């Protein structure tokens, strides 16, 4: 696991840990984000907003999610598939 991936994984876990699981869609995650859809995740030279995650990774997500870990696993996999990390 790269340092960038590790840093982003930690930030995603922190952000989504407070979501009201199970979550049925992306909109269910917004209340958990510290700055709503404007929340930014930064690691090394990578900066990703929550809006970018929603727009670019929708096809890589498989809702509903029962916990933050499975959600974050799919987010990381999607970022890799889209060559964002």
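Descriptive notes on the structure:
- Hits in segment 17-28 - residues which are modelled with pLDDT of 95 or more and surrounded by 16 or more Cβ atoms within 10 Å (Cβ to Cβ): 21, 23
- The residues on offer are 46, 72, and the sole one that is surrounded by 14 or more Cβ atoms within 10 Å (Cβ to Cβ), within 13 Å of the chain's Cα centre (by Cα) and either at pLDDT 95 or above or under 21 Å from residue 1 (Cβ atoms) (or both) is 72.
- Matching residues, segment 32-43, being modelled with pLDDT under 95 and exposed (fewer than 14 other Cβ atoms within 10 Å of the Cβ): 34, 35, 36, 38
- Contact map, segment 41-52: residues that are farther than 12 Å from residue 84 by Cα paired with residues that are outside any strand (DSSP E or B), Cβ distance under 6 Å, separation 6+ or inter-chain. Pairs shown: 41/8; 41/11; 44/4; 50/33; 50/37; 50/39; 51/37.
The values are calculated or read from the model by the stated rules, or taken from the named source; none is laboratory data. This is a predicted model, so every value here is computed, not measured. Here Cβ is always computed from backbone atoms with ideal geometry, including for glycine, and neighbour counts include all displayed protein chains.
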